[in-house]
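The values are calculated or read from the model by the stated rules, or taken from the named source; none is laboratory data. These numbers were taken from a predicted model, which means no experiment stands behind them. Neighbour counts are summed over all protein chains in view; Cβ atoms, including those assigned to glycine, are modelled from backbone coordinates with ideal geometry.
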Amino acid sequence: MEKDPIDIKRLFILMLAITFFAFAFELYTYYFLPKEKPTTQVKKETFQTTLPQLMLGSTRESQKPLNVQSFDLGQYSISVALEGGKLVRIVDKKYSYDLITDTERKLNAYPLEIYTGNPEIDQKLNFSPYTLTKDGNTIIMTYSDGNISITKRLIYENGYFRLYIDSKNLPSLVYILVGSHPKGDEFYTHVGPIVSIQDHIERINIEDIKGREVITGDIKFAGEESRYYFKGFVGKISSVVIYKVENNSTLTLVEANSPLIFYAGTKEYSRLKQIGLSDVIDYGTLKLLVKPLFIFMYWIYEHLHSWVFSILALTLIVRLFMFPLTYKSSVSMMKLSELAPKMQEIRERYKDDPIKMQEEIMKLYSQAGFNPMSGCLPILLQIPVFFALYKVLTITADLQLASMFWIPSLAQKDPYYILPILMGLTMIAQQFISPNPDKTQNFMMYISSIAFTFLFASFPAGLVLYWTFNNILNIFQSYLIKRLIFKDKDKGEKSIKKKVK
């Protein structure tokens, strides 16, 4: 049976195609799109003698730290090795997460190691005994052999560290080791080196690094990141060196222009914004939408003090904002449902003349005041907003500590799959509230509800909670819109009857 080219079934297929394309585009930009290179980035292979030599594959891997002192400083618990004056343990106590990685332990390469490009000097600076003293929130590490000397002062300040380096008889160009990227669930976010150069955030793909890469320019911060964690330095940095090492990891070093801010912890917005690091949060390709929504959700959280209520409040506000579009779309779809019997008659009458059938259907649309795009356009306009919300919920590090009933963390999947099932049931309930006269299309919607249930089963619970609550609000909106439409229709019919009388 020939059908008109603009019906609910095709609109639904169009929505699925656009949704699939949006997901595919996000994956493409993350995995395959070439990263833009800043114009100031150069490779200084002609100056190898001044670049740090990490001495990997030598005896350094066997020179494990033996003398370690531990300290509690505000939100951190850190351990300092006297051999080299370096950090061998950095625990963000709020999240119980150690920023020191297995790669760093295996290579025996730790944050705060100093490199001059001279292996003989570097051996002394990173493996000789330091004297260590603590004065309040300040840890002072000093080394001297009578000829060269270096002092590192690490000062804890409200969630981050300030680092001062004083040296004597060392080369003018000195680098300090950041380390490798923290491990964690990627979930389609960048993992590896990140550099802010001339107000441009450069997220470097590890696969693109061939041995070593040098970046120079006006650098505000540089380090290593994962989905929820960052480790690096903020300050006036002139150059960054990135080495690719085993297990698809990297080691990043920055030029040690004292003073520097050292941050190693969770990408918690409230902590990052005070030191100019909020852009290490990976807002993705929809940054213009994602960042404002992200900041707004944080503002809600600061007032409600609950991430569960923040997600619910944000979803409610977005649904209220979208209500005019939803109303217009619902009215359009209801008009189309009312036209369904007449459209079926036209299809039967002109089944052998598709051109005439299309003319009659368009004439019917015109007589009823129905615009096919009025039902499709509002839905299309909502897609970027929904994807922006989706991204917001995948990059909010604080959700790791947010629990809800049986779910220990909203950043992880529901261990019992109860919430995804509830989400699927709410999707099915929407079909009962707003059924389609075409049984085939109803069946397609039921199948899609089941498919989405399996798809969301492995998603972070925060995302599933958002989608479930969004479905519930949609059911309520559909019911409310129907009441409004039928109420207006009843008033119109009564008015017509009075006029007739």
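Any chance the stretch 251-273 includes a residue that's in a loop (DSSP other than H, G, I, E, B), at positive phi and in the same structural domain as Lys93 (by TED's automatic domain parsing)? Scanning the stretch 251-273 turns up no residue that is in a loop (DSSP other than H, G, I, E, B), at positive phi and in the same structural domain as Lys93 (by TED's automatic domain parsing).
Filtered by the rule that a residue be at pLDDT 90 or above and either surrounded by 16 or more Cβ atoms within 10 Å (Cβ to Cβ) or in contact with a His (Cβ under 7 Å, 6 or more places away or on another chain) (or both), the stretch 303-327 gives Trp307, Val308, Ser310, Ile311, Leu312, Ala313. Of all the criteria given as (1) surrounded by 14 or more Cβ atoms within 10 Å (Cβ to Cβ); (2) modelled with pLDDT under 90, the one not satisfied by Thr468 is (2).
For (1) at pLDDT 90 or above; (2) buried (at least 17 other Cβ atoms within 10 Å of the Cβ); (3) within 20 Å of the chain's Cα centre (by Cα), each residue gets a yes or a no:
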{"residue": "Ala402", "(1), (2), (3)": "yes, yes, yes"}
{"residue": "Pro415", "(1), (2), (3)": "yes, no, no"}
{"residue": "Ile418", "(1), (2), (3)": "yes, no, no"}
{"residue": "Asn442", "(1), (2), (3)": "no, no, no"}
{"residue": "Tyr446", "(1), (2), (3)": "no, no, no"}
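In the stretch 284-322, of all residues being within 19 Å of Phe469 (Cβ to Cβ) and outside any helix (DSSP H, G or I), the one that is nearest to the chain's Cα centre (by Cα) corresponds to Ser306. Would you check if Ser330 is within 26 Å of Leu473 (Cα to Cα), touching a residue at least 60 places away in the same chain (Cβ under 8 Å) and surrounded by fewer than 17 Cβ atoms within 10 Å (Cβ to Cβ)? No; evaluated as a whole, the condition is false for this residue.
For the stretch 55-63, the condition holds for no residue, the condition being that it is touching a residue at least 60 places away in the same chain (Cβ under 8 Å), surrounded by fewer than 18 Cβ atoms within 10 Å (Cβ to Cβ) and of a type in the set (Val, Ile, Thr). Taking each residue of the stretch 72-93 that is assigned by TED's automatic domain parsing to the domain that holds Thr131 and looking for partners that are small (Gly, Ala, Ser) and buried (at least 20 other Cβ atoms within 10 Å of the Cβ) with beta-carbon atoms closer than 7 Å, six or more apart or interchain, yields Val88/Ala81; Ile90/Ala264; Asp92/Gly265.
Among the conditions (1) touching a residue at least 12 places away in the same chain (Cβ under 8 Å); (2) in the same structural domain as Arg162 (by TED's automatic domain parsing), the only one that Ser278 does not satisfy is (1).
Of the strands (runs of 3 or more DSSP E) lying entirely inside the stretch 140-225, those carrying at least 2 residues that are surrounded by fewer than 20 Cβ atoms within 10 Å (Cβ to Cβ) are 149-157, 160-168, 200-203, 212-225.
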